[in-house]
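**Student:** Let me give you the structure first, and then I'll get to my questions.
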Amino acid sequence: MASLEEHREPRLDWWSPLGEAHRCYWLVATERDLICELCQDQADGTWRLVRELD
């Protein structure tokens, strides 16, 4: 089972020409010791893998 290591919701409106960009980020550790950072765009609900750490 994966475990949640960190959750953050930074304000990203300072750089966006379209205005506020609300995203949630999660740092997740898997059973095989892979650490992944995931991001969910709150405007459209899409998810993406931001990076993998080893």
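**Student:** Could you work out how far apart the two model spin labels at V28 and Q40 are, taking each label as a point 7 Å from the Cα in the direction of the beta carbon, and quote it in nm?
**Tutor:** Between V28 and Q40, the simple spin-label model gives 1.0 nm.
**Student:** Can you give the local net charge around L53? Use residues other than it whose beta-carbon is closer than 14 angstrom to its beta-carbon, Lys and Arg +1, Asp and Glu -1. Intermediate results must be reported in sequence, preceding the final value.
**Tutor:** On the way: positive: R32, R51; negative: E5, E6, D33, E37, E52, D54.
The answer is -4.
**Student:** Rank by packing, highest mean first: peptides 23-33, 39-49, with packing defined as the count of other Cβ atoms within 10 Å averaged across residues.
**Tutor:** Numbers: 23-33: 13.0, 39-49: 10.8.
Output ranking for 23-33, 39-49: 23-33, 39-49.
Values quoted throughout were computed directly from the atomic coordinates according to the rules given, and no laboratory measurement underlies them. Nothing here was measured: the structure is a model prediction, and the numbers come from that model. Methodologically, a virtual Cβ is constructed for each residue, glycine included, from the backbone with ideal geometry; neighbour enumeration extends over all protein chains shown.
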